[in-house]
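For reference, the structure is listed below as structure tokens.
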Amino acid sequence: IANIMWAYAKVGHSSRELFDTVSISIIERIDTFSSQGIANILWAYATSGYLAPELFDVASKSVRKNIDTFNSQAISNTVWAYAKADHSNPVLFDSILHSAIRQIDRFNFQAMANTLW
């Protein structure tokens with residue numbers, strides 16, 4: 001599901017029906033996705049411009065619970081998605097900040113720029 005949503009967003013195909021239907025499934029199974037999967041899903045929704053506040057709220061809990069499994073790319077894509085979707089979540093951002101600081105030496109310049117953006 002994560003890769004399908006990523007692909008649809010990558011090619012600019014934003015089907016309301018698809019994004020609605022899939023968000024329900026994702027919400028129900030959020031804890032089954034890898035950190036990269038969650039980051040890709042959030043990136044896809046933000047890139048497509050499709051607002052899914054419930055999905056972003058549920059995902060934030062999973063991200064916080066599993067933050068130590070997020071590498072620099074997943075962290076930067078997740079933060080970027082929340083910013084792009086204009087979905088504020090200070091508790092999530094604090095959790096991500098602490099994780100990013102612990103692994104700052106693994107961030108390349110692009111990941112660092114995306115995280116700070």
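The values are calculated or read from the model by the stated rules, or taken from the named source; none is laboratory data. No experiment lies behind these values; they were computed from the predicted model shown. Don't worry about glycine lacking a Cβ; one is built from the backbone with ideal geometry, like all the others, and counts go over all protein chains shown. For the accessible areas, the whole protein counts, side chains as well, though only heavy atoms, and no ligand, DNA or RNA atoms are used. Shrake-Rupley method; radii C 1.70, N 1.55, O 1.52, S 1.80 Å.
Over the alpha-carbon set of the range 45-95, divide Rg by the Kirkwood Rh and report the Rg/Rh ratio to two decimals. Taking Rg over the Kirkwood Rh, I get 0.93. Between D94 and T32, the contour length at 0.36 nm per residue exceeds the Cα-Cα span by 20.0 nm. With N the number of residues in the range 1-65, Rg(Cα) / (2.2 N^0.38 Å) evaluates to 0.98.
Taking label positions 7 Å along the Cα-Cβ direction at both R102 and I1, the computed distance is 2.7 nm, reported to one decimal.
Sparse packing (at most 16 other Cβ atoms within 10 Å of the Cβ) combined with a DSSP loop state is found for the following trypsin sites (Lys or Arg not before Pro) in the range 3-96: R29.
Kindly provide log₁₀ I(q)/I(0) values, in the same order as q = 0.10, 0.11, 0.15 Å⁻¹, from the Debye equation applied to equal alpha-carbon scatterers of the chain. Calculated log10 I(q)/I(0) at the listed q: -0.26, -0.31, -0.58. Charged side chains reduced to their Cβ positions (Lys and Arg at +1, Asp and Glu at -1) give the chain a dipole of some 240 debye around its Cα centre. Among the protein heavy atoms of the chain, carbon and sulfur supply 55% of the accessible surface, probe 1.4 Å, non-protein parts ignored. When the chain is described by a simple charge dipole with +1 on each Lys and Arg Cβ and -1 on each Asp and Glu Cβ, the residue from G37, L51, V91 located farthest towards its positive end is G37.
Using a probe of 1.4 angstrom and keeping all protein chains present, the accessible surface of the range 1-65 works out to 54 square angstrom per residue.
Measuring r between the beta carbons of N66 and T21 and using R0 = 25 Å, the FRET efficiency lands at 0.50.
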